[in-house]
Amino acid sequence: MACAAVERAAAEGLCGSWGISSWDPRPLPGLVDGALPRPDAVMVRAGLLAGIDVLEASEALAARWDLTPAQLWGMSPFGGSATQPLWGKLDPRVFIQEPHDDLSAV
């Protein structure tokens with residue numbers, strides 16, 4: 001299995017760590033049954049355009065592997081394209097707590 005091979009490579013010092021990346025994590029929580037080695041990090045789709053089912057699957061996967069927040073990474077907050085019309089109508093800077101006058105919406 002690929003996961004076991006990469007886990008061995010990390011244990012043998014061939015790489016510092018290993019992880020899994022999934023754009024659609026919905027089928028993954030059901031596959032984690034103790035037979036799969038626990039990755040050092042999991043990267044999943046996140047952001048304003050990620051559906052609740054994807055976000056809930058990501059949380060379930062993190063819970064099954066007992067991942068810390070630092071081990072669960074988000075990717076592609078713009079849904080793959082920062083040029084979609086939505087980004088001209090929505091200003092995601094409202095979610096930033098620090099001053100953001102020097103930031104663009106993208």
Tally, over segment 56-72, of residues that are buried (at least 17 other Cβ atoms within 10 Å of the Cβ) and under 10 Å from PRO25 (Cα atoms): 3
Breaking point among (1) touching a residue at least 40 places away in the same chain (Cβ under 8 Å); (2) surrounded by 14 or more Cβ atoms within 10 Å (Cβ to Cβ), for LEU48: (2)
For ALA35: the one exception among (1) exposed (fewer than 11 other Cβ atoms within 10 Å of the Cβ); (2) small (Gly, Ala, Ser); (3) at pLDDT 85 or above: (3)
Failed item in (1) modelled with pLDDT under 85; (2) surrounded by 11 or more Cβ atoms within 10 Å (Cβ to Cβ); (3) of a type in the set (A, V, I, L, M, F, W, C), with ALA41 passing the rest: (1)
Check on LEU103, exposed (fewer than 14 other Cβ atoms within 10 Å of the Cβ) and over 11 Å from the mean Cα position of the chain (by Cα): yes
Residue within segment 73-84 that is buried (at least 16 other Cβ atoms within 10 Å of the Cβ), at pLDDT 85 or above and touching a strand residue (DSSP E or B) at 6+ places or on another chain (Cβ under 7 Å) present: no
Given (1) on the phi > 0 side of the Ramachandran plot; (2) open to solvent by 40 Å² or more (accessible area, probe 1.4 Å), number of the condition ASP91 does not satisfy: (1)
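The values are calculated or read from the model by the stated rules, or taken from the named source; none is laboratory data. The shown structure was predicted, so the numbers you read here are calculated from the model rather than taken from an experiment. Glycine gets a Cβ as well: all are built from the backbone with ideal geometry, and neighbour counts include every protein chain shown. The protein model used for the area step is the full one, side chains on, heavy atoms only, and it has no ligands, DNA or RNA in it. Shrake-Rupley method; radii C 1.70, N 1.55, O 1.52, S 1.80 Å.
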